[in-house]
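Notes follow the structure.
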Amino acid sequence: MNLSQYSEASETFKKVININSKNISAYYNLGFSLIKMNKYEEADKIYTNGIDLFPVEDGLLNNKGFNLVN
């Protein structure tokens, strides 16, 4: 994917979260898209929001940690 596709994808995932804030896949994919666009701080906020909603979801914690080392 190129940068414009990640940008378009991130906008789509934001819309999904606005419609259904319990869609865990949208948090994963939005965070990943933001990382690919080097928007690390924004990705961290998304992962933190997801962790607040799904505190036992270790995948979100893993992705947040991965983001922090970048």
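Couple of notes before you dig in:
- The order of the peptides 23-34, 42-53 by mean Cβ neighbours within 10 Å, most packed first, is 23-34, 42-53.
- Accessible area of the chain divided out per residue, in Å², using a probe of 1.4 angstrom: 65 Å²
- Each helix, a run of at least 4 DSSP H residues, gives -39500 (n - 2.57); summed and divided by the residues of the chain, these come to -25000 deg cm²/dmol at 222 nm.
- Of all accessible heavy-atom area on segment 3-64, the percent that carbon and sulfur account for (1.4 Å): 51 percent
The values are calculated or read from the model by the stated rules, or taken from the named source; none is laboratory data. Small disclaimer: the values here were computed from a predicted structure and weren't measured. FYI the Cβ positions are ideal-geometry reconstructions off the backbone, even for glycines, and counts take in every protein chain you see. Heads up: the accessible areas ignore ligands, DNA and RNA and are worked out on the full protein's heavy atoms, side chains in. Shrake-Rupley method; radii C 1.70, N 1.55, O 1.52, S 1.80 Å.
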